[in-house]
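What follows is one structure encoded as structure tokens, with my remarks underneath.
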Amino acid sequence: MRTNMSTKTLPRCTAMALWVALALSVRLSAQTITTFDAPGAGTGFFQGTFVNSMNPAGTIAGFYTDANYVVHGFLRAKDGAITAVDPPGSAWSNLFAPGDNNSQLPVAISPIGNAIAGYFYDANFAAHGFLRSK
């Protein structure tokens, strides 16, 4: 007696599709989203906290814009502690108030969190790189 392969394949495919959908829904429902704001971050237009990178240890490098549109770098540890990153010589805030204050933009963090790299602008709008080690 010959069996039709498609009659056995359809129920198996349906069962597999249901299993995958169930597995995905369980995995998605188990996720955790943590939000945070750097201390001093503004809440107005073009203000707030911006994340640029995160390493495997959960340390985050980024920047925030305060209520005066001054840009500051930060480093956030896995436990939530935030450290300011303000390289010496940075002197440009943003397009709204150039030449006033500071602008530091940490861009990358090392895998173990002992160094971050980024750039900043000086009073002449010249960009400079920086490396901050722990």
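The values are calculated or read from the model by the stated rules, or taken from the named source; none is laboratory data. Computed from a predicted structure; not experimentally measured. FYI the Cβ positions are ideal-geometry reconstructions off the backbone, even for glycines, and counts take in every protein chain you see.
Before moving on, here are some points about what is shown:
- Of the numbered criteria (1) farther than 30 Å from Tyr121 by Cβ; (2) at pLDDT 85 or above, the one Phe36 fails is (1).
- Test: residue in the range 75-94 that is aliphatic (A, V, I, L, M), modelled with pLDDT of 85 or more and either touching a His at 6+ places or on another chain (Cβ under 6 Å) or not in a loop (DSSP other than H, G, I, E, B) (or both): yes
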